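Quick notes on the structure that follows.
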Amino acid sequence: MHRSKSAVLLTAASVSLALGQSASAGGFGEELRKNNPYVAGDMHNHNTCTDGSVAAGYTIDRAVGTGQAAAGGTNFDLDWFTLGNHGGSGNRDCRFADTSANIPGETTTTWSQTLGQTIQGITITSLKGSANGANMWRWQSIGEVEYPIIVNRSAQYDKVLVEGLEWVVPGHEHTDVAVIAGQHPRHGGNADKMAEFEFRFDRGDTDSIGPVDLSNNPLWPGKDNVNNSGTAGHGKALEGVKWLQANYPLQSYAIPTHTERQGPFSATASKGYNIEHFRDFNNAAPTVAFGIESPGHMAEGGLTGGSGSYGSGAVGGGTYGMVGVYTAKVGGLWDGLLAEGRNFFMFISSDWHQRGAFGARDRYTTADFIPGEYTKLYVPRTEGFRNQSIIDGMRSGNSYSVNGDVIGPDFEFRASAHGQWKTMGETIVARPGEKIVLEVELTVPATNNSPYSFDNPLLAQIGQHQPLNKPSIDHIDLITGKITGVVSPSAPNYAVANAAGVAGASIVYNPTAAIAKQINWRNMKVKKQRDGSTRLSFETTFTMGSEPGYIRARGTNIPVATPNVTDSAGNPLLDANNAAVSCTDSSCPAHLESVNGVKKVTHDVQAWSNLWFYGNPIFLRPIGSPKLLVEQNAELARRLAIQHGFDRWREEHAEREHAERD
């Protein structure tokens, strides 16, 4: 651990939670850590079925395999993995990598070259649906190529694999979707329902036929192929999430991704999202549309920004601490949704496509990281962990997201009133004035996957020496806000004017949100572990207010007021500012961008230097007050499970999975 110069403790007077002024190092957690570990995964990535650079199977192998890949390169041992390609169509056979990936024996291969051939046990005899040149519609590649590869890899690895989709959303940009109904890859199954959703609702898929029966009748009639942009497109997108809610309310999710990238929503185009669109989605599909995903493409940042693939026209003008402004800004859009008490949670995934100037086997990148290499999305490990466990964990809110392995798989963020412990996504109900105890515990791993062992240049400028491949935590922010109630669609503040560029960063959606307390690592209990990792823990208290609220945590390796990185309160600055810092170590790589011959903190060095994690909130409600929407929607999920006999199905499925693994 590096040594920060000071600990900054902030209390927000506007916050009714009335946090206590003291924090003490804690020693709890050994037994809890054994009973409630988390598992790491990724739900957003690409292969040559669309615009990725590697084969579908290769992506899975590198993400969930262990040791070294056969062709070279480190595997990243994720516990679960969702194959999340774009919708639409593609002309490349995704059983092969692109030539640009520089994998021995692999060259760009198109469907026109392989029709009728049996490759990896899969035979594609024709391109189905409406005529589309040499392109295969994605509904076909989902069901006939990617899912069979998942079946193959499920037999190879003791990991949970899911066929998903990066939905090209009518009226908007993209959303991560999975429909697991029918997906039982350890004993066959199919991804037909995932494919049907893509066919019906992806604006990139303009096929008017889809699959047909033996009499040549379409199996999925009634497709809207007209309303794909602007306001009408948003209406079609709403029909999509309603379709998921009506048919697969517990077996699907729809999580908008890199939502700031193309700027605000446009009534006449297909661009970004404003707060009213997230509200619409959550209202229409409360057990399906329950969150937001921050961007991948973490190594794209150059001299003028670009990390996350965000240009200056993105809402916020770029990323902040490697996430979009909607989630990075205290009081921003995410806090605005939490201020309604919504079940709306934050997730991060890789958005893996390719390594820019490098090949897939290289350790360096000027674009993306392989799933599990840099970004991890943690959900609870449950007994008989399976694909349903991923969705249940995400929907519960008991999840957290990490960049650069700044913390590990055993983060504990929990609070108690009168001895009843609650964790992320749950609600504490207590009397106003009652003492609430908050406990935080985490492990900082001894190493991460960075190829660099020279000192972090963002920290070196302030005299701190911390190798890039040895992560550290400087402080944790405890962010609180009031919950003022659900905003009605008819209310004048339901829709909020948005703005492209840095002007978008000035919009405040929840003025009560604040960093209520900031705990420096010096004020935590520090325990060095035998494996070189560091266990940090602390306990603090606050008083239940008279109004409902929430508390969430984020943490970073960057001290408060680090030039060109954080402001005087510790908030991340626009990441383009990182490029003002020079990388002067003799080991700084040649691919960094430079000014007058001086290398700057850009690309993968920037990503490994500026590390953050985000936890989801714990909600708080005064006893006797109405239940929050997050509570109501959790109860809805439980009722749906009973109505659908879902609990019994899960038990039977778990028994079947255990039998197959044994």
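The values are calculated or read from the model by the stated rules, or taken from the named source; none is laboratory data. Just so we're clear, the structure is a prediction, and the values are computed from it rather than from any experiment. Virtual Cβ from ideal backbone geometry, glycine too; neighbours counted across all protein chains shown. For the accessible areas, the whole protein counts, side chains as well, though only heavy atoms, and no ligand, DNA or RNA atoms are used. Shrake-Rupley method; radii C 1.70, N 1.55, O 1.52, S 1.80 Å.
Take the conditions of a type outside the set (Phe, Trp, Tyr), open to solvent by less than 10 Å² (accessible area, probe 1.4 Å), in contact (Cβ under 8 Å) with a residue 24 or more places away in the chain and in contact with a strand residue (DSSP E or B) (Cβ under 9 Å, 6 or more places away or on another chain) and apply them to Thr82. Does it pass? Taking the combined requirement at face value, the residue satisfies it. Residue pairs whose Cβ atoms lie under 6 Å apart, sitting 6 or more positions apart in sequence or on different chains, and linking a residue in segment 180-201 that is farther than 26 Å from Asn228 by Cβ to a partner that is open to solvent by 40 Å² or more (accessible area, probe 1.4 Å) and modelled with pLDDT of 95 or more, are Gly182/Gly189; Gly182/Asn190; Gly182/Asp192; Gly182/Lys193; Gln183/Gly189; Pro185/Val151.
For the condition at pLDDT below 95, of a type outside the set (A, V, I, L, M, F, W, C) and farther than 30 Å from Phe454 by Cβ, what is the one hit in Arg638, Arg661?
Numbers: Arg638 fails: at pLDDT below 95.
From the options Arg638, Arg661, the qualifying one is Arg661.
Please specify each residue of segment 213-238 satisfying the condition of being in contact (Cβ under 8 Å) with a residue 12 or more places away in the chain and β-branched (Val, Ile, Thr). Matches in segment 213-238: Thr231 only. Filtering segment 62-86 to residues that are in a loop (DSSP other than H, G, I, E, B) and in contact with a His (Cβ under 9 Å, 6 or more places away or on another chain) leaves Gly84, Asn85. So for segment 569-585 (the condition being among the hydroxyl-bearing types (Ser, Thr, Tyr), surrounded by fewer than 16 Cβ atoms within 10 Å (Cβ to Cβ) and at pLDDT 95 or above), does at least one residue qualify? Scanning segment 569-585, I find at least one residue that is among the hydroxyl-bearing types (Ser, Thr, Tyr), surrounded by fewer than 16 Cβ atoms within 10 Å (Cβ to Cβ) and at pLDDT 95 or above, so the answer is yes.
Considering segment 246-262, the residues that are surrounded by fewer than 24 Cβ atoms within 10 Å (Cβ to Cβ) and out of contact with any Ser or Thr (no Cβ under 7 Å at 6 or more places or on another chain) include one that is nearest to Asn498 (Cα to Cα), namely Gln262. The residues of segment 447-482 that are out of contact with any Gly (no Cβ under 8 Å at 6 or more places or on another chain), under 19 Å from Gly570 (Cβ atoms) and of a type in the set (S, T, N, Q), listed by number, are Asn456, Gln461, Gln464, Gln466, Ser472. In this structure, is Ile391 more than 24 Å from Ser533 (Cα to Cα), over 25 Å from the mean Cα position of the chain (by Cα) and crowded, with 18+ Cβ neighbours inside 10 Å? For Ile391, the condition - more than 24 Å from Ser533 (Cα to Cα), over 25 Å from the mean Cα position of the chain (by Cα) and crowded, with 18+ Cβ neighbours inside 10 Å - is not met. Tell me which residues, restricted to segment 408-418, are part of a strand (DSSP E or B), of a type outside the set (A, V, I, L, M, F, W, C) and crowded, with 17+ Cβ neighbours inside 10 Å. Residues satisfying the conditions are Glu412, Arg414. Taken as a whole, segment 535-543 holds no residue that is in contact with a Ser or Thr (Cβ under 9 Å, 6 or more places away or on another chain), open to solvent by 20 Å² or more (accessible area, probe 1.4 Å), within 18 Å of Thr443 (Cβ to Cβ) and among the basic types (Lys, Arg). Listed by position, the helices (runs of 4 or more DSSP H) enclosed by segment 175-294 that each have at least 3 residues that are farther than 26 Å from Val487 by Cα are 192-201. Only residues that are open to solvent by 10 Å² or more (accessible area, probe 1.4 Å) and either under 19 Å from Met346 (Cα atoms) or over 24 Å from the mean Cα position of the chain (by Cα) (or both) were counted across segment 597-621, and they come to 5. Val151 meets each of the listed conditions (1) open to solvent by less than 30 Å² (accessible area, probe 1.4 Å); (2) under 19 Å from Asn45 (Cα atoms) apart from (1). If the condition is being crowded, with 20+ Cβ neighbours inside 10 Å and not hydrophobic (A, V, I, L, M, F, W, C), then segment 120-134 contributes only Gly129. The selection criterion, being at negative phi, in contact (Cβ under 8 Å) with a residue 12 or more places away in the chain and over 17 Å from the mean Cα position of the chain (by Cα), holds for Val429. Scanning segment 419-450 for residues that are among the aliphatic types (A, V, I, L, M) and open to solvent by less than 40 Å² (accessible area, probe 1.4 Å) yields Met424, Ile428, Ala430, Ile436, Val437, Leu438, Val440, Leu442, Val444, Ala446.
With the condition kept exactly as written, say whether any residue in segment 403-412 is in contact with a strand residue (DSSP E or B) (Cβ under 9 Å, 6 or more places away or on another chain), farther than 29 Å from Asn578 by Cα and touching a residue at least 60 places away in the same chain (Cβ under 8 Å). Yes, segment 403-412 contains at least one residue that is in contact with a strand residue (DSSP E or B) (Cβ under 9 Å, 6 or more places away or on another chain), farther than 29 Å from Asn578 by Cα and touching a residue at least 60 places away in the same chain (Cβ under 8 Å).
Of all the residues in segment 305-321, those that are touching a helix residue (DSSP H, G or I) at 6+ places or on another chain (Cβ under 6 Å) and either under 20 Å from Asp368 (Cβ atoms) or in a loop (DSSP other than H, G, I, E, B) (or both) number 8. Residue under question is Val330, and the condition is that it be in contact with a helix residue (DSSP H, G or I) (Cβ under 8 Å, 6 or more places away or on another chain) and in a loop (DSSP other than H, G, I, E, B); does it hold? No: the conditions fail for Val330. The set of residues in segment 373-386 that are touching a residue at least 40 places away in the same chain (Cβ under 8 Å), open to solvent by 10 Å² or more (accessible area, probe 1.4 Å) and not aromatic (Phe, Trp, Tyr) comprises Lys376, Pro380, Arg381, Glu383, Gly384, Arg386.
Kindly indicate whether Ile275 is touching a Leu at 6+ places or on another chain (Cβ under 7 Å) and open to solvent by less than 10 Å² (accessible area, probe 1.4 Å). So Ile275 passes the test.
Taken over segment 471-504, residues that are touching a strand residue (DSSP E or B) at 6+ places or on another chain (Cβ under 9 Å) and surrounded by 19 or more Cβ atoms within 10 Å (Cβ to Cβ) amount to 16.
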